[in-house]
1. Leaving out ligands and nucleic acids, note down the accessible area per residue over the chain with a 1.4 angstrom probe, in whole Å².
2. Taking all pairs of different Cα atoms in the range 56-175, averaging 1/r and flipping that mean, what Kirkwood radius in angstroms comes out?
3. LEU242: net charge of surrounding residues, Cβ under 14 Å, Lys/Arg +1, Asp/Glu -1, itself excluded?
4. Could you state how much accessible area TRP484 has, in square angstrom rounded to the nearest 10, with a 1.4 Å probe and all protein chains kept in place?
5. Check the cysteines of the chain one by one and keep only those with no other cysteine Cβ under 4.7 Å from their own.
6. Using only Cα atoms, what Kirkwood radius does the range 308-373 have, in angstroms?
7. On the full set of protein chains, 1.4 Å probe, figure out the accessible area of CYS379 and give it in Å² to the nearest 10.
8. List the trypsin sites (Lys or Arg not before Pro) within the range 49-87 that fall in a DSSP loop (any state other than H, G, I, E or B) and whose Cβ has at most 11 other Cβ atoms within 10 Å.
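The values are calculated or read from the model by the stated rules, or taken from the named source; none is laboratory data. Since the structure is predicted, the reported quantities are computational estimates derived from the model, not experimental observations. Neighbour counts run over all protein chains shown; Cβ positions are idealised from the backbone, glycine included. When the accessible area is computed, the model is the full protein with side chains, heavy atoms only, and any ligands, DNA or RNA have been set aside. Shrake-Rupley method; radii C 1.70, N 1.55, O 1.52, S 1.80 Å.
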Amino acid sequence: MTGTHLGMPAFPPFPDAAREAVRDGVLRANLRHATHTIRDKRARAVAELADWDRLCAAGKAVKDHTLRHLDRYLLQLEAAVTAAGGTVHWAADADEANRIVTDLVRATREREVVKVKSMATQETGLNEALEAAGIAAYETDLAELIVQLGHDRPSHILVPAIHRNRGEIRDVFRSQMGRWGRPAPDGLGDDPRELAEAARLHLREKFLRAQVAVSGANFMVAETGTMVVLESEGNGRMCLTLPDTLISVVGIEKVVPTFRDLEIFLQTLPRSSTAERMNPYTTMWTGTHEGDGPSAFHLVLLDNGRTDTLADETGRQALRCIRCSACLNVCPVYERAGGHAYGSVYPGPIGAVLSPQLRGTASAIDATLPYASTLCGACYEVCPVAIDIPEVLVHLRERVVQGGPVTREGVRVRIRPARGHTAERAAMRAARLLLDHPGALRAGERLLARARRLRPRRLPGPGRAWTDSRELPDIPAESFRDWWARERGSRR
């Protein structure tokens, strides 16, 4: 899939990008305040449900079942959407998805579209593709609007402008709104109510004028062909009902078998993402209905590396993700580095396991993302569909270091190890050899104990990076094996 990418420009390896981010004191303060606030509210909301663990287990079971039978449910979805008056398009990669959407907009003879927040279209780089075709795409989600007006990139799944504070948003609105449409009111301050009102006035004229809308979907129901969008501001409702043509670009993993399955996710997603008991705006639509909503509906089903990910028995669990962003808000690495350091529209722990699978590990950024974690397991603990992110991270680290068989474009191939891991592979081979020979291990332990006074403060060569931020542990005078033999051996 040559068009498989995640909507981001060429990016440096994660360690380099993170090093720059942690030097930005304002960024770190913004992230710390926002993530701590969100995760504390989430913890209180989740604690209200006595059956939260069972809900998460049920969500995991539904997702796993659907992924095992994805082909069947996608065909059922296509039949249901078509029967309801919609048109289904299949996109193998980002380029094909962008081409389909661009052609659909051109067919309407319109030169602008309004958009509901959609990670799938960010993943494909749709806005840039439409702009190249002379079509303006206007983001209507408040945070996405801030990012677009500021010529910025999203840095969070739920709150794309989490790296911006109120003063920065005010400055963006003042300087940029007039270039995109209705300007910001004179004397605009940084009070959240003022900022929200400025955005509402700016967007209202676009809602009333636009004839084409582009959306994503949180879920697709196979049995009815229903699309489901959850959002908090009402902009989605405007986009999904007012325009004459609606185009939805959705990843193939978002399908669920039955309408009843939504019962689970309509409880877990709001609490796990925005810490709300019930989502403020839940919009559902099935095909087209004369005199009610868009008269033309197109569904673009996006693969873009998902089928390849599905072929990986360990890594496929990342496709269970419902984009709640809970893992980002508890991750100590994300809190300090921010979302831009991940070089993907999917930042944080879920991005560290999803992006290298969708794109492969050939690039510098994707080869380093599996290492963007302390493996503390906090992400696994809060995941509402029980994705074992640490397990997948270790699995991908092995792929980066050792290479091996993977599926690419539906074909099983063998990839070479990433560059820069020669010393690591040699160390692992040496460790395996040593651990396979207990006598040699015992002799090595005793030798280290006798030479413990010669322990260096810093390691040479590749080990220098490790000791730049850590102290080498002291070497005990006696190994555990020798202590056990001395203390317990005689009793036996």
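1. Numbers: 23690 Å² over 492 residues.
About 48 Å² of surface per residue is accessible.
2. Values: mean 1/r = 0.0588 Å⁻¹.
After inverting the pairwise mean of 1/r, the radius is 17.0 Å.
3. On the way: positive: LYS115, ARG204, LYS206, ARG209, ARG237; negative: GLU110, GLU112, GLU205, ASP244, ASP292.
So the environment of LEU242 carries a net charge of 0.
4. 100 Å²
5. Singleton cysteines: CYS56, CYS239, CYS321, CYS324, CYS331, CYS376, CYS383.
6. On the way: mean 1/r = 0.0835 Å⁻¹.
About 12.0 Å, per the Kirkwood formula over Cα pairs.
7. For CYS379, solvent-accessible area is about 10 Å².
8. On the way: sites: ARG54, LYS60, LYS63, ARG68, ARG72; in loops: none.
Answer in residue order: no site qualifies.
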